[in-house]
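Notes for the one structure printed next.
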Amino acid sequence: MVATRLVTVDEFAAAPLNGLWELVDGEMIELSPNAGRSGWIGGQLVAFLNEHVRPGGLGWVFPADTGFVLFNDRATVRSPDAAFVRRDRLPELTDTFVPVAPDLAAEVLSPSDRMADALAKVAMYLDAGVRMVLLVDPDTHTITVFRPVGPPTKLGIGDTLDGGDVLPGFSVAVAEIFA
């Protein structure tokens, strides 16, 4: 067995990396780029969220390549496919990784993703304090909504995704996300 040296968030930020990487409990993990359909759906989510958030200055919407420091005591930087952070939690943007976990994080499944890995990522987001996690499945045209308390809710083509208490007033037909 080969031992790997764990790195800090600062070391990760300074590393001359090519490609897409995340840091999970000090281990650097290389990611595959999104498939075309998955990337497009992630972009749609960013656009729909931004359309609601920006006019009222409610906060910040981030695309897939943005790193979030999820924990103060664990060297972990994750990059959801779409994310939202309320302005009262992040008054100004920084030139470093976003120093707080998002209020809403979305993960769009790609053909190479394993469901067990995606669910582990959802659990990590919830553990970090993310108040709403969306797991988007392009194959089944469903969005499963996870919250810290209660069972997940699965939405299909005939349903509407809303922001609930995380992003009041936000609403989009699930069919529009996959259109």
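Check every one of the strands (runs of 3 or more DSSP E) wholly within segment 1-65 and list those with 2 or more residues that are among the aromatic types (Phe, Trp, Tyr).
So the answer is 59-63.
Going through Leu104, Leu109, Leu135 one at a time, which residue ends up being under 21 Å from Gly43 (Cα atoms) and at pLDDT below 95? Let's see the steps before the verdict.
Details: Leu104 fails: at pLDDT below 95; Leu135 fails: at pLDDT below 95.
Going through Leu104, Leu109, Leu135 in turn, just one is under 21 Å from Gly43 (Cα atoms) and at pLDDT below 95: Leu109.
Regarding Val166, is this residue in contact (Cβ under 8 Å) with a residue 40 or more places away in the chain and under 16 Å from Gly43 (Cα atoms)?
Answer is no for this residue.
Specify the residue that is nearest to Ala105 (Cα to Cα); the eligible residues are those in segment 147-159 that are open to solvent by less than 80 Å² (accessible area, probe 1.4 Å) and touching a helix residue (DSSP H, G or I) at 6+ places or on another chain (Cβ under 7 Å).
Among them, the one singled out is Leu155.
For the condition touching a strand residue (DSSP E or B) at 6+ places or on another chain (Cβ under 9 Å), small (Gly, Ala, Ser) and open to solvent by 20 Å² or more (accessible area, probe 1.4 Å), what is the one hit in Gly67, Gly43, Gly36?
Sole residue among the options that is touching a strand residue (DSSP E or B) at 6+ places or on another chain (Cβ under 9 Å), small (Gly, Ala, Ser) and open to solvent by 20 Å² or more (accessible area, probe 1.4 Å): Gly43.
I'd like the full set of residues that are in contact (Cβ under 8 Å) with a residue 24 or more places away in the chain, part of a helix (DSSP H, G or I) and either open to solvent by 10 Å² or more (accessible area, probe 1.4 Å) or at positive phi (or both), limited to segment 101-126.
Applying the first criterion (in contact (Cβ under 8 Å) with a residue 24 or more places away in the chain) to segment 101-126 yields 101-112, 121-122, 124-125.
Now narrow it down to the ones that are part of a helix (DSSP H, G or I): 121-122, 124-125.
Within segment 101-126, Lys121, Met124 meet the criteria.
The values are calculated or read from the model by the stated rules, or taken from the named source; none is laboratory data. Computed from a predicted structure; not experimentally measured. When we count neighbours, we look across all protein chains shown, and the Cβ atoms used for this are built from the backbone with ideal geometry, even at glycine. All accessible areas refer to the heavy atoms of the entire protein, side chains included, with ligands and DNA or RNA removed. Shrake-Rupley method; radii C 1.70, N 1.55, O 1.52, S 1.80 Å.
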